Structure formats: C-alpha cells, structure tokens
Amino acid sequence: MLAIDYGADDVIVIAGRLDSAQCPAAQSFLDKVQGTVTLDCSKLEYISSAGLGVLLKTQKRLIASAGKLRLSGVSSHLRDIFVYSGFDQIFEIEPAR
Amino acid sequence: MEAILGVTSALAAPFDLMTMLAEVVNAAKQVLDADRGSVWLYDPNADELVLEVATGIRPVRVRAGTGLAGTCARERKIINVPDCYADPRFDPAVDKASGYRTRCMLTLPLVDHKDVLVGVMQVLNKAGGVFDDDDEVLATALAAQCAVALQRVRMTEALIEGEKMQQELQVARTVQMSTFPATMPSVPGYDAYGTSRPAELTGGDTFDLSLCGQGLVAVLGDATGHGIGPALSVTQMQAMLRMAFRLGASLETALIQVNNQLAETLADDRFITAFVGILDPVAHRMRFHSAGQGPILHFQAATGACTRYKPTSFPLGAMQLTSLRPAVDVDLQPGDILMLISDGVYEYRDAKDEQFGEERVEEIVRAHHSASMAELASRLLESVQAFANGAPQEDDITLVLVKRSAATSAHRTFKRSFDSLQGIFDFTSEVFARESVDRGLLAAVDFTLEELFTNMVKYSTTSDAAVRVDIATIDRGVEVTLTDYDVEPFDVTQAPDADITLPIEKRKPGGLGLHLIRRLVDSVAYEYSKEERRSRITFRKTSAEAPKAAAANAGGEDARD
C-alpha cells in the first residue's frame, strides 16, 4: 500500500511501497504539485524502477517551470537505489536524520 | 417452440460475429413476427452497450442503465413497451436519423448459461399489433439460445485475436534477437560473451559486443519495464550506439548524443540504464560510462576480490546531457573479468522474497573464473534458476562478460645450435603479439634468451637433447623458462668460475652477458635436478609502472654485447 499527502510545512509525505501498481496514484498526486517541493521519503519502504519514473516525470515538469522536487529522509537502502541508478545526479537528496 | 428449435441449428453454424448477429436478428424476427431487430453487445470494461450498425461505420455506444436497452442491461429483465413514444426511456433520435417509426418494442437481456451478460436484443413492431405475454415467453427462450451462441463466437474471436498477437510478438522477438551479436567478436587475449533472456517474448534488456576502430565495444542496456514497449526502446538505443561508434564517435559523444535523442523521444517517466564501454585490448583498459547501470563488477584474478563500480551518470533518456563526469578506466590484469549483469539477476526473488544479490554472483565468479565466459554465463544462469526454485522470472536477465585471458604459457623446443636463435626470436615475437604483451619488453627478453641459450650450446657439449623454452604471461609481463636436459649443473646466478664441475673450457662463460642479464630482467632463478640431470633457468621481465615508461627503459637496453 502507498499513501501520499501533504504533511506539515507543505512537505509531501510518501509512505509505503512505490511499486508499479501504486504508480498511477502517486503520479496523479504529484501531477498537481507546483514549484519547489520537498518529498519526505522517511516512510517510503520500497521504490521500483517504475516508481523512479514517477519521480523523474515530476522532476522534469517542475524543472521546466523553475521548480524542483527535493527528496528528504532518504534511508541508506533507498539511497543505494538512487546512487546505483544515477538518480542522485537528478535529485537533491537529503539523508535520513 | 418449433420455430425456436429451427433457429437453434442455424445459430450453431456461424463462427464470425457479424454473421452470428445477423442470424440472431433473423431468428428473432421470424419467431416473434417482428419487422425489425437489433442486438447490442455488452462491453464489460466500459460498462457500455455497443451496437454494430454496419461495417465501416463507427458503432453506437450506450451506457448501461440509460435508455431502454441500457435499463434492460442493468436490470436483466425483459421490457415490453407497447407505445414507445409514450415511454420516457425511449430515445427517438434513431428513428429521426433513419426515418423509421418504432411503434412497439420488446427489449430482452442476453445472458449466457454462466449468468454472464452478453448483450441486449431488441425487436420492433410486431406485425398487426403489440407483443403479448406469449411473445415474452418465446423471446426469453430464444434469448437464452442466442446468448450462448454469441458468447461462443466472441470467445472464438478473442482466441484467434490472441493467436495473431502471439504471432506478431514472435516476429518482434526474432527481430530483437537478431540485433544481438550472432557470434561473439574474437579479440586476441580476451574472451567476451553476452546473452539475454527476456522474461516475456520480447525484453527490455539489450546488449552488444562488437569491434570498432577504437576496440571492443561492450553495451548492456535495461529499459524500465519489460515487454514490447521497452524492447523497442532498448533496441533503438543499441542500434544508435552501434552506429555512433561505427561513425567513429568518442565514448562521450556517443553517450551524450544517444542520451539526448532518447530524452527527446522517450515518455517522461521512461528511461534506459546503460553501460557503454570500449576496451583497448592492447593497453588492457576498459573505459566506460555507466548511465544508471550498476553495480559493475570487476573480478580480480590475483586476489579473488571483486570491485564494484557505481554509475557515472543518470539513466539515458532521463534528461538532456550537456557534459559528463570523466569516464572510468578499469585496468584488466591477466585472468580479470569485467561483469555487466542486469538487475534481473541481482533482484531475482525466490519464493521467500529473498533477492539473489551481489554476493552470490561474486561467489560464482570466484568458483568458475577459470572457465570460459560462455560457461561462466551458464553457471550464473543455472544458479539463478536453482535459487529461484520455481519462482517465476519477473524481469529480463542479461549478462555481458569480458575476460582478459589468464596467464597462459606456451612452449617450444629448440635444437642445441646457434641456428635455432632466429626460431627463438620468432617464438617470443609470436607470443608477445598473441598475448598482447608490452612489446617494449621484447628486446630485453630476446637479449636474455640469446645469452642463456648460447651459453647452453657452448658449455653443454656432451648433450644432444633439445632445449625447451616456456613463455608464460604474468601481470604486466612475461616469465621465461629455459630447460636444458642431460647436463651438468651450471648456476648462472652464481659467478661462473665458481662452478668447478663444468667441462674445462678456455673461454670464460660470457661474463659480461650474465652481468647485464641480472640488470636487464626483474629476476633470474636457477634450479637443478640431479635425477633428471636437468638445468632450469627462469627469468621474469615486467613493465615497471605504466607500459610507456617500461618501453623507454627497454629501448635504452637494446645494445647487445
């Protein structure tokens, strides 16, 4: 299961598993986001390559209008995925505290 | 009821939908003495009724629940309307369009024997009156027959459609497979092998091993997802890369241009992770970029350890690229293997949801690194299969393995004669070329061989046995062994005059030559076997650091005494 919604301070909180099945829901939420936003990933347990695609599509759209998607609370496990896929070069990644 | 039995046999024959629909309408008109009839098919995905009017005209669609037909589909009950224009559910638009006037109408659901709604049948304008209770009973019986017949045809058609699709996919698979190298390129001193096993008929993985002017091009690509869409993307990427290198593009240019082309055309949430490398088989150096493809494993034969390399860039097609981080250079020593493996291997999950992982891959390469790369690939695939223990393959699996041949040795025997020298030089030259040994070392090796061999000819006059020369490639150089049979011991590493067991000769045994040898080569060792009356001299020559520096040194030492 996946939950995605606004938390405190306009930070978007994503929780659960972002696999192929959950991508449409996450995409339709992120499609409405504007400007520079932070996605709190501290409760994100898993991300598939389709999930990376959702983040990529959002990042491209936001960058086109001078905004961006920032990822915070990234666990070491998720960080490995971002690094091994080269996504650390596309996103600003803030590690989990 | 006889009329119904009559139409049942008529309904058994047709196998295509349009003929069957016409038969059903005819049967209804005949049995119910109606002027016109039509059959709506139910589309469960859209929850709509579809009326196929005639070939070439777009079918009419009605949402379930609206109008007479829609209401009938929703409620699955027969609706008998004696005066249509008095019923609010009736839509006079069709009459308006056709100029026909509908008076009365019987609408009945077509439900098959498994209680699945197949469609709705409507019959209009009973000859000389309206539809009565008897007509309703007759129509209901007829509807059951029609529903089963229609469902049979629909399923047959779906089956045929599926079969066609399967054939198309089979063609797509053949096309994709034909883009993979038919035979692995032959590179002296190297063993390169690649293979790909799609999870479905076509795969989102690709690979390439091909020779270009710059060396051996090695590619492994993995598009997001699998199936026909990603297969088209990766195949396009592989073709673009191959063409770029054929046109002489540098690694950087090829990567940037192919990335930017893909970024323009791929959907926004799609990308391709790719390793693109060029091996210089003489310098034994693989220069590579990895666009989100990782980890890249470098197995080192000397230590048995594996180095894991991370990507140098984000996946291809993700965004436009203007510059790149520097490429990574991997120096391959004899026996080293560079392993490009798609995540279909690393992330293969068994029934307990455990991943195959990197450690298992490393264990297998350690156990089988001396095998051929084709065999190592089979071992890896077998291990993945054994690990899966029946769990299905969910992602495409692709392996590209590039191995620098392990230290190999070649030997030849030479007649104990000065005439053999040219043959010895030919032999060293041949081995250096075949094993891609730094040619800067050749002069020192030939000089040393000549000195030692002529000593054997000059001082072992009692023996007619041939002298054996072994050349083995070692890290950055060679190890050469001369074996001299049926001789007295003579240790070249010691002062020659210290050996009093030698046959007496006037001349001192090449004192200056031996002196030089000890300075020219890295090491000289001597071994004697009393039982076999055999002398063995082994020397090693390697490039000190970078091959260039060593070449300069060897050039300076070329003078012979």
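The values are calculated or read from the model by the stated rules, or taken from the named source; none is laboratory data. In this text, all values refer to a predicted model and were calculated from it rather than measured experimentally. As a convention, Cβ positions derive from the backbone with ideal geometry for all residues, glycine included, and neighbour counts pool all protein chains shown.
Annotation: A:G53 fulfils all but one of (1) over 15 Å from B:F271 (Cα atoms); (2) in contact with a Lys or Arg (Cβ under 8 Å, 6 or more places away or on another chain); the unmet one is (1). Checked against (1) outside any loop (DSSP other than H, G, I, E, B); (2) under 21 Å from B:L142 (Cβ atoms), B:R61 meets all criteria but (2). Exactly one residue out of A:G16, A:G73 is surrounded by fewer than 17 Cβ atoms within 10 Å (Cβ to Cβ) and assigned to a strand (DSSP E or B): that is A:G16. Applying the condition of being in a loop (DSSP other than H, G, I, E, B) and within 23 Å of the chain's Cα centre (by Cα) to segment B:268-280 and asking which residue is nearest to the other protein chains (Cβ to nearest Cβ) yields B:D269. If we keep just the residues of segment B:399-429 that are in contact with a Phe, Trp or Tyr (Cβ under 9 Å, 6 or more places away or on another chain) and closer than 16 Å to B:I337 by Cα, which is surrounded by the fewest Cβ atoms within 10 Å (Cβ to Cβ)? Going through the qualifying residues, I end up with B:S405.
Selection within segment B:296-337: residues that are farther than 23 Å from B:R379 by Cα and of a type in the set (D, E, K, R). The member of this set that is nearest to the chain's Cα centre (by Cα) is B:K310. Among the criteria (1) more than 12 Å from every other protein chain (Cβ to nearest Cβ); (2) surrounded by fewer than 20 Cβ atoms within 10 Å (Cβ to Cβ); (3) within 19 Å of the chain's Cα centre (by Cα), the one B:L340 does not fulfil is (2). Of the residues making up segment A:25-47, none is among the charged types (D, E, K, R), within 13 Å of the chain's Cα centre (by Cα), within 13 Å of another protein chain (Cβ to nearest Cβ) and under 26 Å from B:T322 (Cα atoms). Residues in segment A:70-85 that are polar (S, T, N, Q) and under 20 Å from B:P295 (Cα atoms) were compared, and the one that is modelled with the highest pLDDT is A:S75. Within segment A:31-68, being under 14 Å from A:V13 (Cβ atoms) and assigned to a loop (DSSP other than H, G, I, E, B) holds for one residue alone: A:V33. Among the residues of segment A:69-94, those identified as within 19 Å of A:D10 (Cα to Cα) and more than 10 Å from chain B (Cβ to nearest Cβ) are A:L69, A:R70, A:L71, A:S72, A:G73, A:V74, A:E92, A:I93, A:E94.
Which one is surrounded by the most Cβ atoms within 10 Å (Cβ to Cβ) among residues in segment B:298-324 that are within 9 Å of chain A (Cβ to nearest Cβ) and touching a strand residue (DSSP E or B) at 6+ places or on another chain (Cβ under 7 Å)? Across segment B:298-324, the extreme among qualifying residues is B:P315. Filtering segment B:241-255 to residues that are within 14 Å of chain A (Cβ to nearest Cβ) and either surrounded by fewer than 20 Cβ atoms within 10 Å (Cβ to Cβ) or in contact with a Ser or Thr (Cβ under 6 Å, 6 or more places away or on another chain) (or both) leaves nothing. Among the residues of segment B:468-493, which ones are more than 43 Å from the chain's Cα centre (by Cα), of a type in the set (A, V, I, L, M) and modelled with pLDDT under 85? Scanning segment B:468-493 gives a single hit, B:V492. For segment B:158-200, the set of residues classified as modelled with pLDDT under 85 and either on the phi > 0 side of the Ramachandran plot or outside any loop (DSSP other than H, G, I, E, B) (or both) consists of B:G189 only.
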